[in-house]
1. Of the residues 132, 92, only one is open to solvent by less than 50 Å² (accessible area, probe 1.4 Å), over 14 Å from the mean Cα position of the chain (by Cα) and either modelled with pLDDT of 95 or more or of a type in the set (A, V, I, L, M, F, W, C) (or both); which?
2. Among (1) under 15 Å from the mean Cα position of the chain (by Cα); (2) of a type in the set (A, V, I, L, M); (3) farther than 18 Å from residue 21 by Cβ, which single condition is residue 107 missing?
3. Any residue at all in segment 114-121 that is within 19 Å of residue 41 (Cβ to Cβ), open to solvent by less than 10 Å² (accessible area, probe 1.4 Å), at pLDDT 85 or above and of a type in the set (A, V, I, L, M, F, W, C)?
4. Filter segment 33-42 down to the residues that are open to solvent by 10 Å² or more (accessible area, probe 1.4 Å) and out of contact with any Cys (no Cβ under 9 Å at 6 or more places or on another chain), then identify the one that is nearest to residue 130 (Cα to Cα).
5. Within segment 59-69, take every residue that is more than 24 Å from residue 20 (Cβ to Cβ) and modelled with pLDDT under 95 and give me the one that is surrounded by the most Cβ atoms within 10 Å (Cβ to Cβ).
6. Go through (1) small (Gly, Ala, Ser); (2) open to solvent by 40 Å² or more (accessible area, probe 1.4 Å); (3) at pLDDT 90 or above one by one and return the number of the condition residue 72 breaks.
7. Looking only at segment 102-147, which residues are of a type in the set (Ser, Thr, Tyr) and part of a helix (DSSP H, G or I)?
8. How many of the residues in segment 95-113 are open to solvent by 20 Å² or more (accessible area, probe 1.4 Å) and in contact with a helix residue (DSSP H, G or I) (Cβ under 8 Å, 6 or more places away or on another chain)?
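The values are calculated or read from the model by the stated rules, or taken from the named source; none is laboratory data. Bear in mind the structure is a predicted one, so any value in this text is a computation, not a measurement. Here the Cβ positions follow ideal geometry from the backbone for every residue, glycine too, while neighbour counts run over all protein chains shown. Calculation scope for accessible area: heavy atoms of the full protein, side chains included, ligands and nucleic acids excluded. Shrake-Rupley method; radii C 1.70, N 1.55, O 1.52, S 1.80 Å.
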Amino acid sequence: PGLSNSDSPYKNKVMSDEQAKAIISASNSFEIRTKALIYLLMNIAPRIGEVSRIRVKDIDLDNNKIWVRGKGHNDNVSRYSNFNDKTKDLLIRLMVEYGLDREYLFVNYKGEQLSEQSLRKMWYEVCESIGIEGITPHQCRHYIGSSLIERGVEVKKVSMVLGHSSIKTTEAF
């Protein structure tokens, strides 16, 4: 049961600049873990499963880079992604608050890896707090990909940023 991606009523809904800004702004009233999630999604455009698999050791704070393990643990789409200084500050705060001795970046209070479902719940709580419905975490990827293409970034580069195994996936934007 449930909707497949192709049946989802939100599949083709596009996030607007105003919605993106509102989601980021709203995240500021949430705990550090939720805020860091929102900034990562809006900054490096990972899939939610990729976020779930980020390990503390994957983060290079000196160079503002993070190793993102690709969809299905596919090394062909695993990549380093750059993040901005605001995201860096949030990652540092998150690691300090939850401890540096854990394996995964996003953990619960027992130190266990957060599931994709838990991460999605955090996303929807932020959206719900400002009355935004129907915007999924995955739509951050479409928003960022489309924004990069609109700014003239080469499709090949956007494909690498998003971790697409085929440039044809990116060309669909």
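1. 132
2. Of everything listed in (1) under 15 Å from the mean Cα position of the chain (by Cα); (2) of a type in the set (A, V, I, L, M); (3) farther than 18 Å from residue 21 by Cβ, residue 107 misses just condition (1).
3. Within segment 114-121, the first condition is being within 19 Å of residue 41 (Cβ to Cβ), and the residues that meet it are 114-121.
Checking the rest, the ones that are also open to solvent by less than 10 Å² (accessible area, probe 1.4 Å) come to 119.
When the remaining residues are screened for being at pLDDT 85 or above, the result is 119.
Filter once more, keeping what is of a type in the set (A, V, I, L, M, F, W, C): 119.
For segment 114-121, residues within 19 Å of residue 41 (Cβ to Cβ), open to solvent by less than 10 Å² (accessible area, probe 1.4 Å), at pLDDT 85 or above and of a type in the set (A, V, I, L, M, F, W, C): present.
4. Here is the first cut: in segment 33-42, the residues open to solvent by 10 Å² or more (accessible area, probe 1.4 Å) are 33, 35, 39, 42.
Checking which are out of contact with any Cys (no Cβ under 9 Å at 6 or more places or on another chain) leaves us with 33, 35, 39.
Values: 33: 18, 35: 15, 39: 17 Å.
The residue in question is 35.
5. Only one residue fits best here, namely 69.
6. That leaves (3) as the condition not met.
7. Let us first name the residues in segment 102-147 that are of a type in the set (Ser, Thr, Tyr), namely 104, 109, 115, 118, 124, 129, 136, 143, 146-147.
118, 124, 129, 143, 146, 147, listed by residue number.
8. Within segment 95-113, residues that are open to solvent by 20 Å² or more (accessible area, probe 1.4 Å) and in contact with a helix residue (DSSP H, G or I) (Cβ under 8 Å, 6 or more places away or on another chain) number 9.
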